[in-house]
1. Would you check if there is a residue in the stretch A:206-217 being at pLDDT 95 or above and either surrounded by fewer than 21 Cβ atoms within 10 Å (Cβ to Cβ) or within 17 Å of A:Arg343 (Cα to Cα) (or both)?
2. Those residues that are out of contact with any helix residue (DSSP H, G or I) (no Cβ under 7 Å at 6 or more places or on another chain) and either surrounded by 22 or more Cβ atoms within 10 Å (Cβ to Cβ) or at pLDDT below 90 (or both), I need them from the stretch A:186-205; list them, please.
3. Please go through the stretch A:12-43 and give me each residue that is of a type in the set (Gly, Ala, Ser) and more than 10 Å from DNA strand D (Cβ to nearest atom), ordered by number.
4. Of A:Asp312, A:Asp255, which residue is out of contact with any helix residue (DSSP H, G or I) (no Cβ under 7 Å at 6 or more places or on another chain) and open to solvent by 50 Å² or more (accessible area, probe 1.4 Å)?
5. Can you spot a residue in the stretch B:120-134 that is more than 23 Å from A:Arg130 (Cβ to Cβ), more than 7 Å from chain A (Cβ to nearest Cβ) and modelled with pLDDT of 90 or more?
6. Do the conditions hold for A:Thr115, that is, is it more than 9 Å from DNA strand D (Cβ to nearest atom) and within 13 Å of chain B (Cβ to nearest Cβ)?
7. Please go through the stretch A:98-112 and give me each residue that is at the interface with another protein chain (Cβ under 9 Å from one of its Cβ atoms) and open to solvent by less than 40 Å² (accessible area, probe 1.4 Å), ordered by number.
8. Out of the stretch B:7-25, which residues are over 22 Å from B:Gly63 (Cβ atoms), within 10 Å of DNA strand C (Cβ to nearest atom) and either at pLDDT below 90 or in a helix (DSSP H, G or I) (or both)?
2 protein chains.
Amino acid sequence: MGDRSKPNKRVTLQDVAQRAGVSTAAVSYVINGGPRPTSPELRARVLSAIAELDYHPNSAARGLRGRRTNTIAFVTYDFLPNESFSSHYLGRMLTALTRELQQHGNYLLMFPLATGDDPTPLRKMLKSERVDGIVARFVQDPPHTDALLEVVQESGTPCVCVERPGDARFGFPGITYDDDEGGALATNHLLGLGHRRIAHLAGDMRYATARRRMSSYQRTIVASGIPFDADISAVANWDIRQARGETHRMLSLPDPPTAIFAASDDMAFGALHAAHDRGLRVPEDLAVVGFDDIPLAHQLTPLLTTIRAPLDEMGVRAARLLTGHTKADPEALVETRPVQLIRRDSA
Amino acid sequence: MGDRSKPNKRVTLQDVAQRAGVSTAAVSYVINGGPRPTSPELRARVLSAIAELDYHPNSAARGLRGRRTNTIAFVTYDFLPNESFSSHYLGRMLTALTRELQQHGNYLLMFPLATGDDPTPLRKMLKSERVDGIVARFVQDPPHTDALLEVVQESGTPCVCVERPGDARFGFPGITYDDDEGGALATNHLLGLGHRRIAHLAGDMRYATARRRMSSYQRTIVASGIPFDADISAVANWDIRQARGETHRMLSLPDPPTAIFAASDDMAFGALHAAHDRGLRVPEDLAVVGFDDIPLAHQLTPLLTTIRAPLDEMGVRAARLLTGHTKADPEALVETRPVQLIRRDSA
DNA sequence: ATTTGATATCTAATCGATTAGACTCAGGCT
DNA sequence: AGCCTGAGTCTAATCGATTAGATATCAAAT
């Protein structure tokens with residue numbers, strides 16, 4: 001497992017102080033820029049000693065005395081055990097998060113949890129003061145995650161929720177995007193193209209996100225004077241195959257849809273698949289709009305028209321709030337970032 | 001960002017000792033199971049005091065004195081900045097890793113790096129003694145990652161490489177699977193089905209994995225007495241669209257392939273797409289074998305026949321080696337886990 | 001009865017950084 | 001001259017756990 005011997009003796013702040021001929025306090029002041037002023041000469045001496053000795057502050061000692069770990073946890077609460085890691089979707093946020101954190105010497109700890117998991121490990125992690133804050137991605141809405149949020153609150157760890165509006169009762173802010181706006185954008189885009197028979201493929205109804213996307217579709221349809229038809233609104237549970245099956249079913253109806261708004265790109269692929277099966281042209285015979293904008297969306301043909309959620313922006317924002325590089329508006333518990341219609345070839 | 005005030009006073013080991021009427025040493029012994037024996041009565045008193053006070057050891061203090069952080073870093077070195085997080089492929093390993101670590105109270109720190117990134121942040125992280133060990137996933141082979149490995153070695157941090165054979169010069173063990181075996185399995189499967197005209201879609205040649213999969217394909221073909229034909233061996237760079245394009249090209253040849261071994265499931269989808277475009281039946285007119293077994297492989301139709309790498313096993317194994325729950329065989333610098341042919345519908 | 005040894009427990013030093021409090025010194029004020 | 005102020009630096013206490021060394025207790029060995 002690599003060199004187990006200790007090849008290089010530890011360099012401590014003491015050593016630096018000695019080398020620079022100053023006190024340990026002075027060195028600390030220089031490193032941390034305060035809380036007392038330092039003279040330029042002293043600063044120079046210390047900095048060159050640090051460089052010469054290749055000194056790096058010990059994170060444990062810092063954490064103990066200074067009560068900062070420079071670590072943020074990303075806590076997920078999924079329905080399936082491995083969900084968080086296997087979604088292209090989440091990748092965008094994690095990438096943004098880690099990069100933003102790295103920029104200021106902070107680190108990301110992964111803490112995946114699945115529904116039904118005991119919250120004790122989370123409690124333990126928080127109470128051991130391992131992290132300065134957490135980014136919570138809980139796919140369910142209140143009250144299903146109350147137990148977790150209570151654990152977080154009780155530990156006193158700063159917390160920012162993502163992909164949900166936060167929680168007023170617990171005082172946690174949330175950074176989210178507007179599923180309603182996304183659903184409306186998608187549906188209106190199809191309406192604007194002249195479609196009157198627009199179907200919906202919905203995600204797993206346990207997800208708030210799935211429910212919101214569906215209801216905004218319904219509202220938009222109805223608002224435009226078209227009656228809602230349950231026959232062409234199907235729950236496909238985020239699943240490609242189910243989406244394909246449901247699409248086939250709907251296309252076999254006496255009055256088949258001419259357009260489909262799928263609540264995820266995956267399901268949109270299922271719909272495209274079905275269209276392909278039947279020799280339908282996209283978008284001429286069947287227009288398809290997805291949601292998420294996963295990488296595949298612009299790799300498969302036809303290129304998928306979809307709704308893009310600002311995952312990266314949300315990641316960056318969450319990181320900044322937690323590391324204190326941006327102040328949160330104490331009034332606004334919810335920050336909603338706009339979604340975007342990405343027009344490609346499928347609609 | 002949640003409650004910033006400190007709602008509950010800190011509970012320390014001192015408090016527990018006082019409450020139980022014993023010394024702090026005794027409490028520590030009980031918690032850590034040693035290094036000295038403790039009597040059952042004392043243990044009981046301490047444990048109930050811990051429970052009553054809801055005590056959780058402070059991780060920073062532990063780290064400082066005990067030199068263990070209970071944290072493992074997952075360090076990636078990718079060609080693209082966000083690659084590590086957006087691959088279904090890696091998800092399997094990360095899930096296995098975190099779950100295994102959580103089991104023993106260890107945590108996973110994500111540390112993604114992209115080619116060309118300055119290794120300084122890694123150096124800094126390691127020298128600050130933030131982690132007990134690292135799992136290194138460096139997609140390139142030596143000598144491209146020497147600079148990074150040097151940094152790791154110099155820091156003295158235990159390191160296990162995954163998806164490559166480790167590195168003898170640095171003394172790091174590796175846990176990997178056999179790309180050659182996978183390529184041979186796939187190719188032989190197609191040969192066994194009677195195919196004589198077998199094409200290959202190769203990944204990005206900068207990846208050792210892509211090169212190995214390609215050369216084992218070539219060797220297997222040639223070993224069976226079929227001459228290697230460069231016209232039906234194409235580099236598609238892991239890209240779906242390129243794979244589709246190359247498949248079209250090959251199918252237009254005077255002597256088109258009847259089977260394709262794609263070095264990744266993604267590229268296999270590209271091939272399937274092309275077959276679909278031309279109205280070819282799979283596997284009758286064109287047989288396709290992929291590599292990786294990503295979730296999509298058993299969600300799209302036809303279900304993809306593919307090679308499955310034991311990512312989860314590798315993750316678990318790496319975790320155990322680093323946390324000391326399994327001893328590494330000091331002789332064997334490489335542990336190669338078997339791959340598996342998953343027979344489904346496409347070949 | 002005394003020594004030996006093993007077992008169980010306690011005392012206190014220690015890990016390496018942060019920071020409040022004490023100190024020094026120069027310059028400005030009365 | 002004497003006092004005050006503030007900038008710059010140093011001394012030393014402190015964070016909370018681990019663990020080597022000292023101590024106590026009791027059973028077995030001499």
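The values are calculated or read from the model by the stated rules, or taken from the named source; none is laboratory data. Quick caveat: nothing in here was measured; it's all calculated off a predicted structure. All Cβ positions, even for glycine, are placed from backbone atoms using ideal geometry, and neighbour counts span all protein chains on display. Each accessible area value is taken on the protein alone, full model and side chains, heavy atoms only, with ligands, DNA and RNA left out. Shrake-Rupley method; radii C 1.70, N 1.55, O 1.52, S 1.80 Å.
1. Within the stretch A:206-217 (the criterion being at pLDDT 95 or above and either surrounded by fewer than 21 Cβ atoms within 10 Å (Cβ to Cβ) or within 17 Å of A:Arg343 (Cα to Cα) (or both)), the answer is yes, since at least one residue qualifies.
2. A:Ala186, A:Leu190 - these are the residues of the stretch A:186-205 that are out of contact with any helix residue (DSSP H, G or I) (no Cβ under 7 Å at 6 or more places or on another chain) and either surrounded by 22 or more Cβ atoms within 10 Å (Cβ to Cβ) or at pLDDT below 90 (or both).
3. Passing the criteria: only A:Gly33.
4. A:Asp255
5. yes
6. In short, no.
7. Within the stretch A:98-112, A:Thr98, A:Gly105, A:Tyr107, A:Leu108, A:Leu109, A:Met110, A:Phe111, A:Pro112 qualify.
8. Hit for the stretch B:7-25 is B:Ala20, nothing else.
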